[in-house]
Amino acid sequence: MSILFLGTASGAGKTTVAAMYCRHLYRKGARVAPFKALNLSLNSFVTPEGKEIGMGQAFQAWASGIEPSGDMNPALLKPSGNGKIQLVLGGAPAGETSRDSPMDFRRVMGEACAAFDRLSAGHAVVCEGSGSPVELNLMHRDVANLGMMRERSVPAVLVGDIERGGAFAALYGTWLLTPDDLKPLLKGFIINRFRGDAKILEGGIRRIEELTGMRFLGVLPYARLKFPEEDSLSDSGGDLRGSSAMEAFIGNIDALLEMAESSGLDFAGLDEISGY
Amino acid sequence: MDVEKRVEAEMKRGWIGSRTKCKYHPCHFKGQDCTFCFCPFYPCGDPRLGREIESKKGEKVWECTFCLFIHRREVGMFAMSEIKRLGIESPRDPRLRGVFQSAVERFFRPGKALMVLGATSDAGKSVTVAAICRILHRRGYLATPFKSQNMSLNSKVTPKGSEIAMIQTVQSAAAGLKNPDQFMNPILLKPKGDTVSQVMVMGAPFGDYGVEEYYGEFVPGPGTRIVGETLRFLKDRYDFVVMEGAGSPAEINIYDRDIANMGAAKIAGAGCVLVVNVEWGGSFAYAVGTVMLIPEEDRKMIKGVILNNVRGSTAGVRAGAAELERILGIPVIGVIPHVDVFLPSEDSEAFRGMTSRGTGRTQVSVVKLPRIANFTDLDPLYMEDVTVRFVSDPKGLEGSDAIIIPGTKNTIDDLAWMRESGFAEAVSAMAGKVPILGICGGYQMMGAALRDPQGIEGRSPSEAAGLGLFDMETEWSEYKKKVIQDRGVLLETGEPVSGYEIHMGLSEVRDPPLFRIERYSGDETEGSFIRERMLFGTYLHGVFDKPAFRKFFLSFAEPGGGPAARAEPRDFDDAIEESIDRLADAFEENMDVDALIRIAEGGE
């Protein structure tokens, strides 16, 4: 039982959507755990067991009603400036990577799969992708997106951000560029950050369904949430550790979940995809 | 007749090319030919160059204000050599007609159009158009920017008193043009909420439209006609019309009704390039999805892709670009690195969430009104030792060295918000302690009373007490917009200021004025200034663009208790000019300009 939320670009809203879905399953009484195979982030969190993981997974764990653990983010890349990137594997530092000495893709993929298997033994696993899954120059050694689809057949949902426009193009282009053998795993799509009357989108949504066979799962309205954004682009929400921040976050996620439910996000469809 | 005498003198004088010493040079475009300041062919009667209008007295008059033909170097030179060769001495000589006809035959070519499409809103279309305009200008072409439909809260007034989007005026400067005009942005949408916009046509208010009425009524009717007319008009005057799309061209839910992207490109017969911002990732998906969602018959108009805003090394993107070319069969004509440039703020989504900008010593707080408009007024402050804080909570005013109440789309509603949120009280409490400036709607709020007896500004008739900082009353008595460019001096120092006014309410001012504005009809005073209480108010947008007022206003701020120390401020226009050049350099270095020109000419 697993599901993978992919973004059409950084900041499309996958972290939040994944957290919200974790919360949804948790409220349904599921044992659920978040997972991001490979995270590029400056904001990290140290778990009670002393493992360093991405901040986003810590929040998603809390949304799932469990303590964060190392397996939730087996590989973390921390930009340290000068084109150098620190690699954290299994929660512990594992050297540096750079353009000239890229990370060992096979090793990272292996670690990611092992962690995923451990988590999925006892949980529904809600996975989050990283960046766009179809960067033509990087997709052959992708870990968090196509990597998990290929290695563990995780069914995926695309999250497209409509705030800047071009959401239909982003969804269709991502589907087109996904390798043919993995396309069947692209089950559905969500349009995020919409403002105004969603009726105007109908024609476009039908067309994307026809063209791709992906199922439309809903439109999420624009919401500005206090949430630690995942990618290194956005400014961090600050260190939100400590109970009051955590509570505030949980409150936010609950509010978002209710907003999603009332705006008609197709949770039944998501549950069907995740197999829960 | 006076004009005939001038033409006669010009004929005698011979070819002179550009008159760079002339006080008004260049009055049309950089590099213009000034041999004929007054056209020897007037009235030519050629409908491609001018049109017949009715004068105030009801007479038919030939109007050719926007014609640039005689100011093209080759035309001026040819006309003069023919006049000399034929020995024409009088502007009434019928042989001038023949000279005109052969000049038109030789040199008149309808221009070509290039459409710059973006995969998303912030793809970088605007800067790409600015860069292309500058590059074409450098190569000696006469180019003009064009955006059929722009949704923006930042507008500017042209010399002829039309209101167009700010960014088109910047692109116009990039093309070396002196006078931005309403043809460059014939439709301007000023959002009034998530679903309703005020529609401006040819620089003047046209009406308010909701999304459905806009696409259902306006676009198929007047919209399409206006776009067609303005494009034809511009092509008759310029070598290249560099068009900018709006949002994404692949919004398939409104594709048939979109006159901002492929719709306009089809009308213009434009070659298209697609700009994709690489910064957020997913750029290849955006590029492929955009092209493939456009119907096949239109898709072939897209002849190049520009990958924009690459941070760090471009090597990775180039590797992907080769694959992209293979998939799409469309060449990637540019991979452009991120360039740090200083250009007017755009209404990007980024602005909605922005809480501060800059890291300077002086803390200038801007009240972030819910309907804030013309916030490009603040741009020149970013060049100074200033941090601009956008404050949505009155508590945020604490520690400010200066406060600005900016312009608004609706003064009355935002004044009510000022009261509810506690801003009105907080700002008033700081009067006399730190300098406070109100611009346009912010200035109106600083007055004693605001009266809208007919509900012109608000939705219904209303009357409100202002902050009472100025002895001033504002009234909206008729549905009429004051739209005008202003030039004058700061009364305190005598130094130059410039700006533009866009407002409906008119104010009766009883405090000492801030500026003297020069007008044909005689000088006027403008604004309010109470030195002891450090209160400033003006209707002038762009008031900080010239250094004089910026320096003066900031001199009242005392960061850390002491005077603000700063270098001599620069003219904002100079900073923009320099940015355009750096941008154009980056594009010239990283884009195949010849390929771009071939695309525009339709040769590929």
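Magnitude of the charge dipole for the protein assembly as shown, about its Cα centre and with charges confined to Cβ atoms of Lys, Arg (+1) and Asp, Glu (-1), is about 1820 debye. Whole-Hz Karplus values for the stretch B:53-70 come out as 10, 9, 6, 4, 7, x, 8, 6, 10, 7, 10, 9, 3, 8, 6, 10, 3, 5 Hz, taken residue by residue from phi with 6.51 cos²θ - 1.76 cosθ + 1.60 and θ = phi - 60°; glycine and proline positions read x. Distance between Cα centroids, the stretch A:146-177 to the stretch B:483-498: provide it in whole Å. About 54 Å separates the Cα centre of the stretch A:146-177 from the one of the stretch B:483-498.
How do the peptides B:209-221, A:149-161 rank, highest first, by the average count of neighbouring beta carbon atoms within 10 Å per residue?
Packing proxy ranking, top to bottom: A:149-161, B:209-221.
Taking Cα atoms of chain B, Rg/Rh with Kirkwood Rh, to two decimals? With Rg and the Kirkwood Rh in hand, the quotient comes to 0.99.
Using only Cα atoms and rounding to the nearest 10 degrees, what angle (0 to 90) does helix B:125-138 make with the longest principal axis of chain B? Compared with the principal axis, the helix lies near 50 degrees.
In the calculated pair-distance distribution of the stretch B:161-224, the portion above 15 angstrom amounts to 53 percent of the Cα-Cα pairs.
Only Cα pairs under 8 Å and at least 6 apart count here; give the relative contact order of the stretch B:2-107 as a rounded whole percent. With pairs under 8 Å counted, the relative contact order is 29 percent. Computed from Cα atoms, the angle from the helix B:2-13 axis to the main principal axis of chain B rounds to 60 degrees. Summing charges over all other residues whose Cβ lies under 14 Å from the Cβ of B:Val201, with Lys and Arg as +1 and Asp and Glu as -1, gives -1.
Calculated FRET efficiency, B:Met151 to A:Ala121, Cβ-Cβ distance, R0 = 56 Å: about 0.60 to the nearest 0.05. The Cα center of the stretch A:1-65 and the Cα center of the stretch B:188-246 differ in position by 44 Å. Comparing Cα centroids, the stretch B:304-365 and the stretch B:130-182 end up 21 angstrom apart. Computed from backbone phi with θ = phi - 60° and the Karplus coefficients 6.51, -1.76 and 1.60, the 3J(HN,Hα) list for the stretch B:316-321 is x, 5, 4, 4, x, 4 Hz; x is used for glycine and proline. How far apart, in nm, are two points set 7 Å out from the Cα along the Cα-to-Cβ line at B:Glu420 and at B:Glu568? Distance between label points: 4.9 nm. Cysteines in chain B that lack a partner Cβ within the 4.7 Å cut-off: B:Cys22, B:Cys27, B:Cys34, B:Cys37, B:Cys39, B:Cys44, B:Cys133, B:Cys272, B:Cys440.
Across the options A:Met1, B:Leu324, B:Val75, the greatest Cα extent toward the positive end of the charge dipole of the protein assembly as shown (unit charges at beta carbon of Lys, Arg, Asp, Glu) belongs to B:Val75. Amide H contacts for A:Val159 (H built 1.01 Å from N in the peptide plane; partners 5 or more residues away or on another chain; cut-off under 5 Å): A:Leu6, A:Gly7, A:Thr8, A:Ile190. Taking every alpha-carbon pair under 8 Å whose residues sit at least 6 apart, the stretch B:362-563 reaches a relative contact order of 20 percent. Of all DSSP beta bridges confined to chain B, the antiparallel ones make up roughly 50%. Along Cα→Cβ, 7 Å out, is where each label goes; now give me the distance between the ones at A:Val46 and B:Thr195 in nm to one decimal. Each label point lies 7 Å from its Cα, and together they span 5.2 nm. The Cα atoms of the protein assembly as shown cover 98, 66, 50 Å along the three principal axes, with the biggest extent listed first.
Amide H to amide H, with H built 1.01 Å from N, A:Leu220 comes under 5 Å of A:Ile191, A:Asn192, A:Arg193, A:Phe194, counting only residues 5 or more places away or on other chains. Using the Cβ-Cβ distance between B:Lys481 and B:Ser521 with R0 set to 25 Å, the FRET efficiency works out to roughly 0.85. Under a 5 Å amide H cut-off, with hydrogens placed 1.01 Å from N, B:Gly438 pairs with B:Ile405, B:Phe536, B:Gly537, B:Thr538 among residues at least 5 apart or on other chains. Phi-derived couplings, Karplus 6.51 cos²θ - 1.76 cosθ + 1.60 at θ = phi - 60°, listed residue by residue for the stretch B:581-590: 5, 5, 5, 4, 4, 4, 5, 4, 6, 10 Hz, with x used for Gly and Pro.
Using DSSP, restrict attention to beta bridges with both residues in the stretch B:268-401 and report what percent are antiparallel, rounded to the nearest 5.
Bridges in the stretch B:268-401 are about 10 percent antiparallel.
Descending by average beta-carbon neighbour count within 10 Å, the peptides B:540-547, B:506-513, B:279-286 line up as B:279-286, B:540-547, B:506-513, the highest first.
Taking 0.36 nm per residue of separation and subtracting the Cα-Cα distance, full extension of the segment from B:Arg299 to B:Arg510 would add 69.9 nm.
Say R0 is 22 Å: what FRET efficiency, to the nearest 0.05, do A:Lys28 and A:Ile250 get from their beta-carbon distance?
According to the calculation, E is roughly 0.85.
Among B:Ser521, B:Leu234, B:Gln198, whose Cα lies farthest out toward the positive end of the dipole of chain B, if unit charges sit on the beta carbon of Lys, Arg (+1) and Asp, Glu (-1)? Ranked along the dipole, the leading option is B:Leu234.
DSSP assigns beta bridges within the protein assembly as shown; of those with both partners inside it, close to 45 percent run antiparallel. For the stretch B:52-117, the relative contact order comes to 22 percent (Cα pairs under 8 Å, sequence separation of at least 6).
Laboratory data are not the source of any read-out in this text; all were calculated from the coordinates shown. Everything quoted here is computed from the prediction, not taken from an experiment. With ideal geometry, Cβ positions are generated from the backbone for all residues, glycine too; neighbour counts draw on all protein chains shown.
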